[in-house]
Amino acid sequence: MSKKVPKQEYEKTLSFRLQQWFEGSKDPYLGNVEMRPQEEFIEDDDAVLMRDMERKRRKERVYDLANNWEVSGFEKLYKIFSACFCVFLVVMLLIAVSYLPSYGHAENPVNNEVSERYIEKGLEETGAVNIVTGMILDYRAFDTLGESHVLFIATCTVLILLRKDKKKDENGNSIEVSDRIYEPKDDVILQTAARILVPPIIIFGIYVILGGHLGPGGGFSGGAIIGAGLILYLNAFGFRKTERFFTEKTYKTLSVCALGCYCLAKSYSFYTGANHIESVIPLGMPGAILSSGLILVLNICVGIVVAGTMYTFYVMFRKGGY
Amino acid sequence: MQIFTNILLGFLIICAIAASLSKNLLNTILIFMSYSLVMSIIWILLESPDLAITEAAVGAGVTSVLFFVTLKKIRAMVKTEQEKGEEKHE
């Protein structure tokens, strides 16, 4: 049991003062130091002149490269040392590369039981003809989920950094100049080219996404192609046309829905896999468009996120907001 | 085929050096674009068409467009008065 000390006595102890100092409730200078308001510093013209001359002379002395051997020597040494450092780095990296196993050799450490399993059982277990997609979206779907989130977070950061300032000056005009003034004004060549090119580009992107488990392609590449098509359309026809179907709200809804769908689908397959429950989703015939279980759904989700991200990046760079 | 691959690899090195040595930022982006295109052909030769599609779409397409927009934003694509004068002089 601690001894109860009266308050007056406690205030004399070191611990009380320490606590006071720590909390900042007591200014140690108050009452101990004589305080006076600071005098304004007024410099006479002679002193200013003297100081300027002194500075100029010093500058001349320092940057007089012909006579100042320290500076000129340093500059020479700097060049020599930077060249030496570059050569050293290149040699180090080349030596490191020379220790890597040669490309395509059968006894490389890459060719272990993991890749063996992917190649032998991949089609059987994932139902995807394209082993790469089977690997990315089935065995390593968790990594792909992280990648999609990285893209989403990158867009959020760009949204924060490049958002247009909404502050207005006295006349009610926004402070930052809108980029819309520099928009192309009905460029005939660009519009005709876009009219011909944009539909095939977007259809090709959809094909790449939907055929991800059958041939080369997948959500990421297909999404990037669709995003590029949307950017071309935007460039040709301006923001007014694209705003009819793609605004910030559309982007947010689409990405959140796609990411949530991805999370749910993958949680389901993780849950069933970890608990050795038979999944109800059939793998289907390998080679058919509706096959390979969840891979098609996951591909579509990734494609939506990537396409939206690419388009949003461009829009944010162009005018900082939809 | 081996010779073709070697030519492309040599082109990659030339592009990488040229992009870092080029004084004009617009030229640097164009060189970077061609680097990505050659890289996508090399991916096909290495039998990974998935990566080739992605490289062509992202590396040569979207990234370069973003670079162009950035250059436009920082007004680096606008010619200075001095350069315009030099052109007239020529």
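The values are calculated or read from the model by the stated rules, or taken from the named source; none is laboratory data. Note that the coordinates shown come from a computational prediction; the quantities given were computed from them, not determined experimentally. Here the Cβ positions follow ideal geometry from the backbone for every residue, glycine too, while neighbour counts run over all protein chains shown. In case anyone asks, the SASA skips ligands and DNA or RNA and just uses the protein heavy atoms, side chains included. Shrake-Rupley method; radii C 1.70, N 1.55, O 1.52, S 1.80 Å.
Compute the accessible area per residue over segment A:280-322, keeping the other protein chains in place, probe 1.4 Å, unit Å². The partial results should precede the final answer.
Values: 1450 Å² over 43 residues.
I get 34 Å² per residue for this part.
Rounded to the nearest whole Hz, the Karplus-based 3J(HN,Hα) values (6.51 cos²θ - 1.76 cosθ + 1.60, θ = phi - 60°) of segment A:30-37 follow the sequence 5, x, 9, 10, 6, 10, 9, x, with x at glycine and proline. Qualifying GluC sites (Glu not before Pro) in segment A:43-81, where qualification requires a DSSP coil assignment and no more than 15 other C-beta atoms within 10 Å, comprise A:Glu43. For the residues A:Ala96, A:Ala47, A:Ala307, a GNM of chain A with alpha-carbon springs under 10 Å puts the largest fluctuation on A:Ala47.
So, with +1 on the Cβ of K and R and -1 on the Cβ of D and E, and no other charges, what is the size of the charge dipole of segment A:233-309 about its Cα centre, to the nearest 20 debye?
Details: 6 positive and 3 negative charges, 77 e Å.
The calculation lands at about 380 debye.
Note on chain A: with a GNM built from Cα contacts shorter than 10 Å, the maximum mean-square fluctuation among A:Gly273, A:Gly31, A:Gly73 falls on A:Gly31.
I want the local charge near A:Thr272. Using Cβ-Cβ distances under 12 Å, sum +1 for each Lys or Arg and -1 for each Asp or Glu among the other residues. Neighbour charge sum, excluding A:Thr272 itself: 0. Once the C-beta distance of A:Cys84 and A:Lys59 is scaled by a Förster radius of 22 Å, the resulting FRET efficiency is 0.10 to the nearest 0.05.
Karplus-based coupling profile of segment B:18-34, in residue order and whole Hz: 5, 5, 7, 8, 5, 7, 8, 5, 4, 4, 4, 5, 5, 5, 4, 4, 5, with θ = phi - 60° in 6.51 cos²θ - 1.76 cosθ + 1.60 and x standing for Gly or Pro.
To the nearest 100 Å², how much accessible surface do chains B and A hide from each other in total, with a 1.4 Å probe? The partial results should precede the final answer.
Numbers: alone 6880 and 24100 Å², together 29490 Å².
Summing both sides, the interface buries roughly 1500 Å².
Counting only protein heavy atoms and a probe of 1.4 Å, the accessible surface of the protein assembly as shown is 65% carbon and sulfur. When you restrict to C-alpha pairs under 8 Å that are six or more residues apart and normalise by the size of segment A:59-150, the relative contact order lands at 9 percent.
What average number of partner chain Cβ atoms lie no more than 10 Å from the Cβ of the residues making up B:57-69?
6
Using the Cα centre of the protein assembly as shown as origin and beta-carbon charges of +1 (Lys, Arg) and -1 (Asp, Glu), tell me which of B:Val58, B:Ala16, A:Trp21 is placed farthest towards the positive end of the dipole. Of the candidates, A:Trp21 comes out farthest on the positive side.
Taking only the Cα atoms of segment A:186-308, the radius of gyration and Dmax are 17.5, 61 Å.
What size of dipole, in debye to the nearest 20, comes out for chain A about its Cα centre when the only charges are +1 on Lys and Arg C-beta atoms and -1 on Asp and Glu C-beta atoms? Numbers along the way, then the final one.
Numbers: 35 positive and 37 negative charges, 139 e Å.
Computed charge dipole of chain A: roughly 660 debye.
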